[in-house]
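K.L.:
My structure is below; once you've seen it, I'll send some questions.
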Amino acid sequence: MHDRVLLTPGSGAATPPALFAASFLVRPGRFPEEIAGRPCGGEAADLLLPAGPYRIEGLDPAQLRRLGGRFGGFCVPVAAGPTGPPRTPDRPDPTPAAASGRRSPLLGSPASPAAASPPGADRPVELSVFAAPPRSFRRTVPAGWRYSFDLDPRPERLRLAGWGFCALLERRAGGAWRAGLWVTPGDRRGFLGACTNLLRVVAAYRLLDAGGALLHSAAVAHGGLRGGDGTLFVGRSGAGKSTVARQARGLGLGVLSDELAALIPVPGGCAVAALPFAGDLEPAREPVPPLRLARVLLLEQAGRDALVPASRARAVAAAAACAPWINADPHRATVLLDNLGRLLAGVEVARLEFTRGGGFWPLLALPEAA
Amino acid sequence: MTESAPIEPAAAYRPRSDVRFRRIGEEAVVVRQDAPEVLVLNPVGARVLELLAGGEALGAVGAALAEEFEVAPAEAEADARDFAAELESAGVIEPAPEAEAEP
């Protein structure tokens, strides 16, 4: 009567409240109650991620340089302040809507009532970086510890705690997200890890609000990275996403992602967008317009290469299992299922049984990249 | 299949507190957050879960299955019992607390 799909282990399961932050903070009971503190500096940047932008304020110059080095063309320095200057002309919004003068389809389009943006979706996510004393964070690593962080999801706020950082996210009245990140100012390497982890989580929640989803998946373009169609390979850690992405690149196909990709609703269907978070491959350095999602393949390593039809429910289940943090959030898991049901409604779905040798590619009939 | 204790028609079940589910087409997708795992239920299983979550007792679930899937009532009741047992075994549902007696 039922099939099982295992959730990705360690993909951000909610931490029991009694244990929250105990591994990372010296005094977990003194977790910040509100988003306020002493900024690390006066610099700010916009990150042009799907369902963004994400404005990061309170950076010191070294933090800003590290962000720019890590996120490349996704990161646009702006003057600090609540509104900031207009977007830099030579760094446009990566969405095709911006290029055509329309509103971003990442946030829904007025031409498509079904994809109407939720309240607050047109506001940037505001993320403030605050200085925390070094003694706030534990410096010893438990035996057998594997990098992860604690997450405590509530209906209107989330708390995160990890190695050398803690963060608080709040969904304000009107739907806009605001986040605070506390780090030790001199901990340059730790800052980048903390910021990247926080951004992954914020992106997952922001995309959910926009009717989309963040998925562990490899995204490949057939027909070119600009104007082509996207194929999404969905699978848990170790399922073969990086292998598929590496082989696709070797075949001359465009690769949007080998680890995390954003699904976003667009009029008439679903699009897939790159994020600057990668697994084994080099992460994307420049934003590219989202691609129409044409096909979702559920990865399953096997002793043969075959495409097997799969139901939409099976695809939704596999995708939900690969939606980090949200699938473990008791307040939002049903929204995730609703979003995935809509996003995958018009998309071809199949299970890809594959051998690691790459013999499956002819089955996909992907034309070479333009 | 192992022999299980008989389930009374008046028995009521509810989704466990960590379970979230949605109908997708005729099937259902169930997220068990404590497990953690995701299940796909076939159309009958999806309908059984939907009815139980709506507060229907097992007898009413069997009657609904008989009507909607056009099978004999006895067969539908047996299916409802089997599916409920399977869902309970899979950690999707649990017995609902008995309703308080009318004053």
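The values are calculated or read from the model by the stated rules, or taken from the named source; none is laboratory data. As the structure is a computational prediction, the values presented were derived from the model and not from experiment. Every residue, glycine as well, gets a Cβ built from its backbone with ideal geometry; the counts of neighbours run over all protein chains shown.
K.L.:
Quick check on this structure: which one of A:359, A:341 is more than 22 Å from the chain's Cα centre (by Cα) and either in contact (Cβ under 8 Å) with a residue 24 or more places away in the chain or surrounded by 20 or more Cβ atoms within 10 Å (Cβ to Cβ) (or both)?
P.N.:
On the way: A:341 fails: more than 22 Å from the chain's Cα centre (by Cα).
Just a single option satisfies the conditions, and that option is A:359.
K.L.:
Sort through A:259, A:286 and tell me the only one that's at pLDDT below 90, under 20 Å from residue A:319 (Cβ atoms) and acidic (Asp, Glu).
P.N.:
None of the other options fit; the residue is A:259.
K.L.:
If you don't mind, there's one more thing I want to ask. Given (1) touching a Pro at 6+ places or on another chain (Cβ under 9 Å); (2) part of a strand (DSSP E or B); (3) within 14 Å of chain B (Cβ to nearest Cβ), where does residue A:237 come up short, assuming only one miss?
P.N.:
Condition not satisfied by residue A:237: (2).
K.L.:
For residue A:323, which of the numbered conditions (1) more than 10 Å from chain B (Cβ to nearest Cβ); (2) among the hydrophobic types (A, V, I, L, M, F, W, C); (3) assigned to a loop (DSSP other than H, G, I, E, B) fails to hold?
P.N.:
Going through (1) more than 10 Å from chain B (Cβ to nearest Cβ); (2) among the hydrophobic types (A, V, I, L, M, F, W, C); (3) assigned to a loop (DSSP other than H, G, I, E, B) one by one, residue A:323 breaks only (1).
K.L.:
So, one more: Which residue, of B:70, B:27, B:8, B:77, is away from chain A (no Cβ under 14 Å), buried (at least 17 other Cβ atoms within 10 Å of the Cβ) and either farther than 27 Å from residue A:323 by Cα or in contact with a Pro (Cβ under 9 Å, 6 or more places away or on another chain) (or both)? Spell out the reasoning first.
P.N.:
Working: B:70 fails: buried (at least 17 other Cβ atoms within 10 Å of the Cβ); B:27 fails: away from chain A (no Cβ under 14 Å); B:8 fails: buried (at least 17 other Cβ atoms within 10 Å of the Cβ).
Step by step, each of B:70, B:27, B:8, B:77 is checked, and only B:77 is away from chain A (no Cβ under 14 Å), buried (at least 17 other Cβ atoms within 10 Å of the Cβ) and either farther than 27 Å from residue A:323 by Cα or in contact with a Pro (Cβ under 9 Å, 6 or more places away or on another chain) (or both).
K.L.:
Of these, B:32, B:20, B:16, B:47, which one is within 14 Å of chain A (Cβ to nearest Cβ), touching a Ser or Thr at 6+ places or on another chain (Cβ under 9 Å) and not β-branched (Val, Ile, Thr)?
P.N.:
Numbers: B:32 fails: touching a Ser or Thr at 6+ places or on another chain (Cβ under 9 Å); B:16 fails: touching a Ser or Thr at 6+ places or on another chain (Cβ under 9 Å); B:47 fails: touching a Ser or Thr at 6+ places or on another chain (Cβ under 9 Å).
None of the others qualify; the one that does is B:20.
K.L.:
Condition test on residue A:258, is it buried (at least 24 other Cβ atoms within 10 Å of the Cβ), touching a helix residue (DSSP H, G or I) at 6+ places or on another chain (Cβ under 7 Å), over 20 Å from residue A:124 (Cβ atoms) and acidic (Asp, Glu)?
P.N.:
On the way: buried (at least 24 other Cβ atoms within 10 Å of the Cβ): yes; touching a helix residue (DSSP H, G or I) at 6+ places or on another chain (Cβ under 7 Å): yes; over 20 Å from residue A:124 (Cβ atoms): yes; acidic (Asp, Glu): yes.
Yes.
K.L.:
Continuing with the same structure: Is it fair to say residue A:47 is modelled with pLDDT of 50 or more, among the hydrophobic types (A, V, I, L, M, F, W, C) and crowded, with 19+ Cβ neighbours inside 10 Å? Give the steps one after another, and end with the answer.
P.N.:
Working: modelled with pLDDT of 50 or more: yes; among the hydrophobic types (A, V, I, L, M, F, W, C): yes; crowded, with 19+ Cβ neighbours inside 10 Å: yes.
Judged against the criteria, residue A:47 is a match.
K.L.:
Of all residues in the range B:33-48, which are in contact with a Lys or Arg (Cβ under 7 Å, 6 or more places away or on another chain) and touching a residue at least 24 places away in the same chain (Cβ under 8 Å)?
P.N.:
Result: B:39, single match.
K.L.:
Identify all residues within the range B:80-103 that are among the hydrophobic types (A, V, I, L, M, F, W, C) and buried (at least 16 other Cβ atoms within 10 Å of the Cβ); write none if there are none.
P.N.:
B:80, B:83, B:84, B:85, B:87, B:90, B:92, B:93
K.L.:
Condition test on residue A:314, is it assigned by TED's automatic domain parsing to the domain that holds residue A:241, buried (at least 17 other Cβ atoms within 10 Å of the Cβ), among the charged types (D, E, K, R) and part of a helix (DSSP H, G or I)?
P.N.:
Taking the combined requirement at face value, the residue satisfies it.
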